[in-house]
1. Considering only strands (runs of 3 or more DSSP E) fully contained in the range 151-237, which possess at least 2 residues that are among the aromatic types (Phe, Trp, Tyr) and at pLDDT 75 or above?
2. Residue by residue through the range 36-70, note down the ones that are small (Gly, Ala, Ser) and on the phi < 0 side of the Ramachandran plot.
3. Here is a check on your reading of the model: is Ser97 hydroxyl-bearing (Ser, Thr, Tyr) and under 26 Å from Asp154 (Cβ atoms)?
4. Under 6 Å between Cβ atoms, at least 6 apart or on separate chains: pull out the pairs that start in the range 63-85 with a residue that is without any contact (Cβ under 8 Å) to a residue 24 or more places away in the chain and end on any residue that is among the aliphatic types (A, V, I, L, M).
5. Condition test on Gly116, is it among the small types (Gly, Ala, Ser), assigned by TED's automatic domain parsing to the domain that holds Ile71 and modelled with pLDDT under 75?
6. Looking for whichever is in contact (Cβ under 8 Å) with a residue 60 or more places away in the chain, buried (at least 24 other Cβ atoms within 10 Å of the Cβ) and not assigned by TED's automatic domain parsing to the domain that holds Thr212 here; the options are Leu89, Leu109. Which one fits?
7. Would you pick out the residues in the range 51-86 that are among the charged types (D, E, K, R) and either farther than 18 Å from Arg113 by Cα or not assigned by TED's automatic domain parsing to the domain that holds Met112 (or both)?
8. So for the range 75-93 (the condition being modelled with pLDDT of 85 or more and within 23 Å of Thr192 (Cα to Cα)), does at least one residue qualify?
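The values are calculated or read from the model by the stated rules, or taken from the named source; none is laboratory data. Only a predicted model underlies this, so the values are computations on that prediction, with no experimental measurement involved. Here Cβ is always computed from backbone atoms with ideal geometry, including for glycine, and neighbour counts include all displayed protein chains.
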Amino acid sequence: MSTVKAVVFGAFLMCAGCVPAPDTEQEDAWPDTGGAAATIRASGEPGNCRFTWDGEAVAPDGLLMRAVATIEDAIDAHGGAANMVESDLPSFAFQASGDGPYHCTSIALGTMRSAGFYGFQFALPGGLRGQQVYLDVPGMELDAPRVVVALGDDDELALSGRAMTLDELAQEVPLTTVSEAEGFYVMPSDGTSTDRVHEVIETIRSGGAMVTLASCFAEAFDTPIGVESLGDPLPRC
């Protein structure tokens, strides 16, 4: 297991059960997932974000309660978090309005992360799913350095502080992966479109690298880039 994946898996074991269990009086308000991964959708705009769980509209607190219930089902099915390996961890499929801002996506992903989910796949047309994307774990130290890919509101892109195009990023990924780190840390801005985030992630994954996606803004992983809109202002971790 790589350093990045080992740290994220370790964080899951440490945090499993640290989110309060759902109110038992509300447990009948949603269908039993049986520990299966769900499809989460985010849409809307700042101040009017909307979320669904397997097609059913939910508020952010409802999203959290369902996520916690799914994690708890998985833990119970394996007799405790300590008995689980990486492949046992539930993941989820994610959809969002392609041209919508990352703001609502960050709320949905941050909620799922706080419940104990450590990764997801983008839901693609035809029922397909993209490759695994890892979620950030605030406060966790990594042995491998982070290579930050910061994204702006208007398709700006910077790799470790260097502005570049998507094609240039595709050329850099294989070289950077081998020489500098095990994975890339993608930090969108609040207004980055979901399509742009997905496009950048797929470019990195196509180059053979893992991706960790920020759902909040971490000072420790910011890189001076000379453009204030890149990587900020997401909610603070």
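1. 183-187
2. Ala36, Ala37, Ala38, Ala42, Ser43, Ala57, Ala59, Gly62, Ala67, Ala69, listed by residue number.
3. So Ser97 passes the test.
4. His78/Met84
5. Considered against the rule, which asks whether it is among the small types (Gly, Ala, Ser), assigned by TED's automatic domain parsing to the domain that holds Ile71 and modelled with pLDDT under 75, Gly116 comes out as no.
6. Matching residue, one of Leu89, Leu109: Leu109.
7. Passing the criteria: Glu56, Asp76.
8. yes
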